[in-house]
Amino acid sequence: MKRLTIPLCAVAAIGLSFACRHITPEKSAPRNPAVKKIPGRPDIEENADRLIDEGRQVFRHDTFGSQDYWGGKLRLHEAISGAKRHGVGPGLTPHQALALGLKVDSDAVPKVLMQVIRGGSVSLDEEKTTLELLKADSVVGVKGFFDDPKDRLHLTSIGITCAICHSTVDDSFMKGIGQRLDGWPNRDLDIGAIVALAPELTPMAAPLGIDVETLKKVLKSWGPGKYDAEVNQDGKGFRPDGRSAATVLPAAFGLAGVNLHTYSGWGSVTHWNAYVANTQMHGKGTFFDPRLNDPAQFPAAVKQGHHNIRNNPDLVTSKLAALHFYQLAIPAPKPKAGTFDAPAAERGRLLFEGKAQCARCHVPPLFTEPGWPMHTADEMGIDDFHASRSPDKKFYRTTPLRGLFVREKGGFYHDGRFADLGAVIAHYERLLRLQLTPQEKADLVQYLKSL
Ligand code: HEC
Ligand code: HEC
């Protein structure tokens, strides 16, 4: 610490924009050395720093009291522990957890444990190791509660955080174990299969008016990288054509400057954060959205009173400002040089902004429309199933395109219907009657990969 603070404070003294007392090893670099400190208003920078630090903590670690649902009601932790350790069934080994797409934050795993895992003397095929990893608070987005002093690996409940769906790791230790990447959608995560492990699913099935077997069919239809954030409001588990109603997990980065959020534009980031924390994660807060009080469109929401949730104490509302600020601060990642062909991407940029008409909606540098970035299903040349599930009932939002390269897995568009960028461009060719040569299409793909 000392070694770090001395030179940094010296830099601060010559007028840069951070305060010495904010420096800890985790955030040792000045946030923006190019920005001169504005005389008289250090409170703004301090507020920004505080909101980012608090928001990161909430995004990564806050369960909002959701353990009362996932542990308390569904008893999901018992399926993880296994019958040998106060739970039910065989338990979940780390290999099984990783195969379900759960990720491990290598920075949180105690060094000794990492060493023994590497050496092979602690097995990733034993449920006990999963409990060790949970105890170290290293399973991304999953928080284990162990408040039994007599038995250190007695998991008594489990809660979830935003990071379970909206973070992944860089695989630097091994596949599934590495450093956190906040905001990257976890397209490996089979959240439906994980929830389906819970020994008690009636509290989830009953409000939908379905039995547990039907609920399991819905959960298992999602598959990796997908989740349905609306099924517990409208009860639509499947599309009319029988396919899953789930959407691919979106990026939670590169969202600053974007007016409306979710694929169908439910509201702002903070609207959606409150929505998810209360109605999806089953945290305990306050949520008000009278649009959900519509028995025709949202029968399950009406049954559960989701349009007007009030908990005392409220474990969500005080965290929304910092969470919002942090969300907006997460930049979209930049693709590494060499992952795309730079001269082709430059030619693609000219097409994107010209002949191919993309920039009409994906306006650079936001890559969505400043203003009200919404388009009807007809305009987009696709069905309106998912659009019709939002309160506005008919729009898709122009997806901001930066960091596209991290969401190739699982496909593009809200439900991943286009397997790759070539398929997206082929769709626009038909829709916009574009006359693109094979070379031009290839150049556009390179440009999209460069964003
Ligand atoms: C179980 C998985 C899951 C969890 C947990 C979750 N989300 Fe999401 N999130 C989704 C899905 C799926 C969507 C897309 C919903 C849609 O468009 O219908 C989404 C959408 C979003 C969006 C909109 C992105 C955009 O492009 O506009 C933001 C922002 C977001 N989530 C942030 C959060 C935050 C913050 C939390 C924690 C409070 C959270 N999410 C918890 C799955 C999840
Ligand atoms: C009329 C407005 C409009 C035009 C023109 C347009 N887009 Fe889009 N774009 C959208 C909307 C709306 C979505 C979201 C569709 C969905 O999720 O179902 C989208 C989604 C995408 C996606 C998927 C992003 C993701 O993460 O799923 C890509 C890639 C894309 N557009 C590229 C392009 C390219 C390339 C062009 C030009 C050939 C183009 N768009 C032209 C509105 C437009």
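Cα atoms only, segment 289-376: Rg and Dmax in Å?
Looking at segment 289-376, its Cα Rg and Dmax stand at 21.1, 58 Å.
Cα to Cα, under 14 Å, and not fewer than 8 places away if on the same chain: which aspartates and glutamates meet these conditions relative to residue 216?
By straight Cα distance, residue 216 reaches 190, 200, 228.
Could you give the length gained on full extension between residue 426 and residue 408, defined as 0.36 nm per residue of separation minus the Cα-Cα distance, in nm? Walk me through the numbers on the way to the answer.
Working: separation 18, 0.36 × 18 = 6.48 nm, distance 1.61 nm.
Roughly 4.9 nm would be gained on extension.
For a quick size check, give me the Cα extents of segment 60-100 along its three principal axes, largest first, whole Å.
28, 21, 13
Which shape class applies to segment 131-204: rounded if a/c is under 1.5, otherwise prolate when a/b exceeds b/c and oblate if not, where a ≥ b ≥ c are the square roots of the Cα gyration tensor eigenvalues? Can you show the working numbers first?
Working: a/c = 2.32, a/b = 1.26, b/c = 1.84.
Here segment 131-204 falls in the oblate category.
What list of ³J(HN,Hα) values in whole Hz, one per residue of segment 188-196 in order, does the Karplus curve 6.51 cos²θ - 1.76 cosθ + 1.60 (θ = phi - 60°) give from phi, with Gly and Pro shown as x?
In residue order, the calculated couplings are 8, 6, 9, 5, x, 5, 5, 4, 5 Hz.
Which cross-chain or sequence-distant (5 or more) residues have an amide H under 5 Å from the amide H of residue 177, H modelled 1.01 Å from N in plane?
The list, which skips near neighbours in sequence, is 104, 171.
Compute the normalised compactness of segment 85-167: alpha-carbon radius of gyration over 2.2 N^0.38 Å, N being the residue count. All intermediate terms of the calculation are to be shown ahead of the outcome.
Working: Rg = 12.4 Å, N = 83, 2.2 N^0.38 = 11.8 Å.
For segment 85-167, the normalised Cα radius of gyration comes out at 1.05.
Got a sec? Charge dipole of the chain, +1 on Cβ for Lys and Arg, -1 for Asp and Glu; which of 136, 309, 261 is way out at the positive end?
Farthest towards the positive end: 136.
In whole Hz, what ³J(HN,Hα) sequence does segment 264-269 give by Karplus (6.51, -1.76, 1.60; θ = phi - 60°), x for Gly and Pro?
Each residue's phi maps through the Karplus curve to give 10, x, 4, x, 7, 4 Hz.
Which ³J(HN,Hα) values in Hz, rounded to whole numbers, follow from the phi angles of segment 328-340 under the Karplus curve 6.51 cos²θ - 1.76 cosθ + 1.60, where θ = phi - 60° and Gly and Pro get x?
These are the phi-based 3J(HN,Hα) values: 6, 7, 6, x, 6, x, 9, x, 5, 4, x, 8, 8 Hz.
May I ask you to sort 380, 204 by Cβ crowding, counting other Cβ atoms within 10 Å and putting the fewest first?
Values: 380 18, 204 21.
Ordered from fewest to most neighbouring Cβ atoms within 10 Å, 380, 204 come out as 380, 204.
Give the span of segment 342-450's Cα atoms along each principal axis, as three whole-Å numbers ordered largest to smallest.
Between the extreme Cα coordinates on each principal axis of segment 342-450 lie 43, 28, 28 Å.
With a cut-off of 15 Å, note down the residues of segment 334-361 whose backbone N falls inside the zone around a label point 7 Å from the Cα of residue 442 toward its beta carbon.
Only 340-348 pass the distance filter.
When the helices in the chain are scored as -39500 (n - 2.57) per DSSP H run of 4 or longer and the sum is shared across all residues, what 222 nm value do you end up with, to the nearest 500 deg cm²/dmol?
Values: 19 runs with 158 residues, N = 451.
The per-residue figure over the chain is -9500 deg cm²/dmol.
Given the options 246, 159, 210, identify the residue whose Cα lies farthest towards the positive end of the charge dipole of segment 143-259 (+1 on Cβ of Lys, Arg; -1 on Cβ of Asp, Glu).
246
For the chain, what's the radius of gyration and Dmax over Cα atoms, in angstrom?
Gyration radius and largest Cα-Cα distance of the chain: 23.1, 71 Å.
How many nm separate the modelled label positions at residue 288 and residue 417, each set 7 Å beyond the Cα in the direction of the Cβ?
3.7 nm
Using alpha carbon centroids, what distance separates segment 401-451 and segment 249-269, in Å?
Going from one Cα centre to the other spans 20 Å.
Grab the other residues whose beta carbon is less than 13 angstrom from that of residue 101, score K and R as +1, D and E as -1, and report the net. All intermediate terms of the calculation are to be shown ahead of the outcome.
Details: positive: 103, 175, 187, 226, 409; negative: 171, 188, 190.
Net charge around residue 101: +2.
Bear in mind that the values in this text are calculations on the coordinates, not laboratory data. The structure presented is a predicted model; accordingly, all values stated were derived computationally and were not measured. With ideal geometry, Cβ positions are generated from the backbone for all residues, glycine too; neighbour counts draw on all protein chains shown.
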